[in-house]
1. Exactly which trypsin sites (Lys or Arg not before Pro) in segment 162-231 are in a DSSP loop and have at most 11 other Cβ atoms within 10 Å?
2. When the chain is treated as a GNM, springs tying every alpha-carbon pair under 10 Å, which of Leu19, Leu65, Leu121 comes out with the largest mean-square fluctuation?
3. Within 12 Å, Cβ to Cβ, of Asp261, how many net charges do the neighbouring residues add up to if Lys/Arg are +1 and Asp/Glu are -1?
4. Per residue, what volume in Å³ does the convex hull of the Cα atoms of segment 204-273 enclose?
5. For segment 23-257, with equal point scatterers placed on the C-alpha atoms only and solvent neglected, what are the log10 I(q)/I(0) values from the Debye formula at q = 0.08, 0.12, 0.13 1/Å, to two decimals?
6. Aspartates and glutamates within cross-link reach of Lys16: Cα-Cα under 16 Å, excluding same-chain residues under 8 positions apart?
7. So what's the gap between the Cα centers of segment 120-149 and segment 191-221, to the nearest angstrom?
8. If contacts are Cα pairs under 8 angstrom and at least 6 residues apart, what is the relative contact order of segment 23-257 in percent?
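The values are calculated or read from the model by the stated rules, or taken from the named source; none is laboratory data. What you see is a predicted model, and the numbers here were worked out from it, not measured in a lab. Positions of Cβ are backbone-derived with ideal geometry, glycine not excepted, and every protein chain shown enters the neighbour counts. The accessibility values were calculated without ligands, DNA or RNA, using every heavy atom of the protein model including side chains. Shrake-Rupley method; radii C 1.70, N 1.55, O 1.52, S 1.80 Å.
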Amino acid sequence: MAIASKTPLTKTPLTKTPLKGKIVLITGASAGIGAACAHYFADAGAKLILCARRQEKLQTLADELHTEYAASTLLLPMDVQQSDEVTAMIDGLPSDWQAIEVLVNNAGLSRGLDNQYEGSLQDWEEMIDTNIKGLLYMTRAIVPGMVKRNQGHVINLGSIAARDTYKGGSVYCATKAAVKVLSEGLKIDLLGTPVRVTNVEPGLVETEFSEVRFRGDRDRAKTVYSGMNALTPNDIADAVLYAATRPPHVNISELFLIPTDQSSSTLIHRRPT
Ligand code: 8X3
């Protein structure tokens with residue numbers, strides 16, 4: 001028997017968090033998910049601080065954002081692995097670029113698919129230094145300002161790899177599990193402030209990711225996405241923008257999105273090519 005509701009449901013319009021004129025900082029902005037996020041935020045009227053190691057790529061992106069959306073941009077060529085660089089860059093921001101409203105901790109990478117007992121120490125250092133320590137350095141440099149200004153949102157790029165360990169991926173998976181825990185911990189530590197925290201966990205996204213993992217071996221990288229429809233960087237940017245534009249009292253803590261052709265890290269539906 002249906003239970004009659006005493007209070008009728010009414011649909012009220014959402015008070016979305018506006019992005020027009022807001023400052024959004026994106027790490028790893030030079031390509032892939034970072035660059036797509038830059039386009040989506042610029043389209044929404046935000047001002048962009050673009051961080052990455054490759055200055056020329058950042059400049060090309062900034063030119064596109066000016067042309068397509070008349071966006072204001074500030075380029076911060078830097079390596080998130082270097083804590084001194086991060087601190088100096090953020091502390092040295094021009095006064096009209098200091099009030100960062102959204103931090104997108106996107107910089108991250110994988111290296112190799114070696115068994116844990118045979119892995120390269122250098123690969124481990126690079127993944128841990130970028131995916132965990134780099135994210136922490138950025139958070140440490142920027143979030144105190146958000147707390148002071150009573151406004152802000154940290155959006156971390158996690159991965160399906162945090163939930164589902166796969167052969168040869170254990171160190172990369174561990175770094176993404178760390179991103180999940182750091183996102184949860186930051187939300188706990190920020191309770192009582194209006195600063196929001198989101199962990200976005202994509203499955204397979206076709207980007208330079210696999211080329212970086214296999215150190216430029218394009219043919220090997222292509223096999224990762226062959227015969228299936230992977231997510232695109234735009235799919236992830238769309239999810240990031242969704243989280244950023246919810247009303248201020250709504251914290252989207254986790255967004256787990258995978259291709260329809262994927263069910264777990266290793267269960268992937270491929271058609272003959
Ligand atoms: C990247 C997704 O499955 O290659 O974070 O680890 S996966």
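1. Numbers: sites: Arg163, Lys167, Lys176, Lys180, Lys187, Arg196, Arg213, Arg215, Arg218, Arg220, Lys222; in loops: Arg163, Lys167, Arg215.
Within segment 162-231, the qualifying trypsin sites (Lys or Arg not before Pro) (loop, at most 11 other Cβ atoms within 10 Å) are Lys167, Arg215.
2. In this elastic network of the chain, the residue with the biggest mean-square fluctuation among Leu19, Leu65, Leu121 is Leu121.
3. On the way: positive: Arg270, Arg271; negative: Glu206.
Once all neighbours under 12 Å are counted, the net charge is +1.
4. Working: hull volume 7.1 nm³, N = 70.
Given the Cα convex hull of segment 204-273, per-residue volume reads 101 Å³.
5. With one equal scatterer per Cα and no solvent, log10 I(q)/I(0) is -0.27, -0.63, -0.74.
6. Asp43, Glu101, Asp238
7. Value for the Cα centre distance between the two parts: 15 Å.
8. Values: 436 pairs, mean separation 47.9, N = 235.
Across segment 23-257, relative contact order equals 20 percent.
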